[in-house]
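Colleague: For reference, the structure I am asking about is given below.
Any read-out appearing in this document is the output of simple, stated calculations on the displayed coordinates, not a laboratory observation. No experiment lies behind these values; they were computed from the predicted model shown. We place every Cβ from the backbone using ideal geometry, glycine too, and count neighbours over all the protein chains shown.
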Ligand SMILES: Cc1cc2nc3c(=O)[nH]c(=O)nc-3n(C[C@H](O)[C@H](O)[C@H](O)COP(=O)(O)OP(=O)(O)OC[C@H]3O[C@@H](n4cnc5c(N)ncnc54)[C@H](O)[C@@H]3O)c2cc1C
């Protein structure tokens, strides 16, 4: 019989990130599909009580914790030791955790120390004839594979946006704290501060309802024979700020900075969506001044509803890539939408 351990790190304020609730839901659903497998939760962080209280009604058999200042920040040495201790105590056959930079860094090493195997970017988990099978995408989301393994423990790092977050009433949880000895060699890496961009330059918002993609058309000559970069910047920023959207880009637009062309100042390669960019998950997406070529639209695999605004009625979006294509001038349409949102 499979036995599940769900791992989660707490955030700086002691809460759990949304992705942790999604992985918890994945673990509980899997336990049900397996005919009632036991689920243990393993929390790691400075102080985990508030996080444990928030999931006390989830039906987990028990909640284990490795906590204290040594485990507050992301650090490979302490995070692997914490995971190892939790796995040793819970003796699971399956270990689920949300995809985060912190788990992505420490779990491969922790799986090795536990003589386990690991699969990352899990996009689905199913039980088929009593056997656990997982899905993940390859070749930039063009091929999907279904995988099974005999080796246990099997670590499954679940992508965010795949499962609905678990919801339940908070209460007062009983937490079993594990004592984990940390040597000074584990403390050599120290977090001395966090640098984040100003909030108005933070344009990538994974939790946003809408992905707004800007294409190279924003910087091209317009019907009046002129380019309007400043106007484009104003319209794009206006939309993403009042619509609380996340900003994506085509490759052509972000490449313009390295090609010496006039550029959208707040756009970087981090915004690029597509084959050599990101594959974000948002319920809705709106592409503007973008041609909708395959290397770009392959990054839209997980966008729920796709719309595009292009002057070209024969662009890629018109050829089955979008649910709705508006053949229109994006400068005019976005100006009108921004006026409505203001
Ligand atoms: C190996 C490889 C990997 C690649 N990876 C990626 C990737 O990860 N992501 C990516 O995006 N691309 C990628 N590409 C590039 C991709 O093939 C396209 O070249 C790129 O996506 C085109 O960008 P674009 O649509 O913004 O620009 P363009 O092709 O220049 O299209 C601009 C569009 O804007 C429209 N337009 C202009 N003005 C307006 C207006 N006022 N209103 C409405 N529409 C207007 C035009 O009609 C045109 O359709 C890759 C290519 C290769 C070969």
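Colleague: Students often check this: by mean Cβ neighbours within 10 Å, which of 300-308, 109-117 ranks highest, and how do the rest follow?
Modeller: By packing density, highest mean first, the sequence is 300-308, 109-117.
Colleague: Counting helices only, and only those DSSP H runs with n ≥ 4, report the 222 nm mean residue ellipticity of the chain as the sum of -39,500 (n - 2.57) divided by its residues, in deg cm²/dmol to the nearest 500.
Modeller: Using -39500 (n - 2.57) per qualifying helix, the result is -7500 deg cm²/dmol.
Colleague: Follow-up. Can you put 297, 78, 146 in order of Cβ neighbours within 10 angstrom, beginning with the fewest?
Modeller: So the residues, fewest neighbours to most, are 146, 78, 297.
Colleague: Shifting gears a bit: Calculate, in whole percent, how much of the Cα-Cα pair population of the range 231-342 lies beyond 20 Å.
Modeller: Roughly 39 percent, rounded to a whole number.
Colleague: Quick one: work out Rg over Rh on the C-alpha atoms of the chain, Rh as Kirkwood radius.
Modeller: Dividing the radius of gyration by the Kirkwood radius yields 1.03.
Colleague: Still on this structure: How would you rank 70, 323, going from fewest to most other Cβ atoms within 10 Å of each one's own Cβ?
Modeller: In increasing order of surrounding Cβ atoms, one gets 323, 70.
Colleague: Right, another one. Could you work out how far apart the two model spin labels at residue 242 and residue 269 are, taking each label as a point 7 Å from the Cα in the direction of the beta carbon, and quote it in nm?
Modeller: Result: 3.4 nm between the two label points.
Colleague: Taking 8 Å as the Cα distance limit and 6 or more residues as the minimum spacing, I'd like the relative contact order of the chain as a percentage.
Modeller: Contact order relative to length: 14 percent.
Colleague: Right, here's the next one. What is the helix-to-structure angle for 330-341, meaning the angle in degrees between its Cα long axis and the longest Cα principal axis of the chain, kept from 0 to 90 and rounded to the nearest 10?
Modeller: 60 degrees
Colleague: Hey, another quick one. How big is the antiparallel share of DSSP beta bridges in the chain, given as a percent to the nearest 5?
Modeller: Just about 15 percent of them are antiparallel.
Colleague: Using 0.36 nm per residue, how much length does the chain from residue 205 to residue 146 gain when fully extended, once their Cα-Cα distance is taken away?
Modeller: Between residue 205 and residue 146, full extension yields an extra 18.3 nm.
Colleague: Among 167, 141, 226, determine the one that fluctuates most according to a GNM of the chain built with springs between C-alpha atoms less than 10 Å apart.
Modeller: 226
Colleague: Same structure, new question: Let me know the shape class of the range 28-127, please: from the alpha-carbon gyration tensor, a ≥ b ≥ c as square roots of the eigenvalues, rounded when a/c is under 1.5, otherwise prolate if a/b is greater than b/c, or oblate.
Modeller: Note, shape of the range 28-127 comes out oblate.
Colleague: How high is the relative contact order of the range 199-341, in percent, counting Cα pairs under 8 Å that sit 6 or more residues apart?
Modeller: Relative contact order of the range 199-341: 24 percent.
Colleague: Let me check I have the definition right: for the range 3-187, take the eigenvalues of the Cα gyration tensor, multiply each by 5, take square roots. What are those semi-axes in whole Å, largest first?
Modeller: Taking √(5λ) for each eigenvalue gives 24, 19, 15 Å, largest first.
Colleague: Now for a different question. Could you tell me the extents of the range 184-277's C-alpha atoms along the three principal axes, largest first, rounded to whole Å?
Modeller: 66, 31, 25
Colleague: If I fit a long axis through the Cα atoms of helix 229-242 and take the longest principal axis of the Cα atoms of the chain, what angle between them do I get, 0 to 90°, rounded to 10?
Modeller: Rounded to the nearest ten degrees, it is 40.
Colleague: Shifting gears a bit: Report, in degrees rounded to the nearest 10, the 0 to 90 angle that the Cα long axis of helix 76-90 makes with the longest principal axis of the chain.
Modeller: On a 0 to 90 degree scale, this one is about 50.
Colleague: Here is a follow-up. Going by how many other Cβ atoms sit within 10 Å of their own, how do 290, 58 line up, fewest first?
Modeller: Taking fewest neighbouring Cβ atoms as first place, the list is 58, 290.
Colleague: Out of every Cα-Cα pair in the range 113-269, what percent are more than 29 Å apart?
Modeller: Result: 52 percent of Cα pairs exceed 29 Å.
Colleague: What number, in nm² with one decimal, is the all-direction average of the projected area of the convex hull of the alpha-carbon atoms of the range 89-193?
Modeller: 10.6 nm²
Colleague: Report the relative contact order of the range 3-187, percent, no decimals, based on alpha-carbon pairs under 8 angstrom and at least 6 residues apart.
Modeller: Answer for the range 3-187 is 30 percent.
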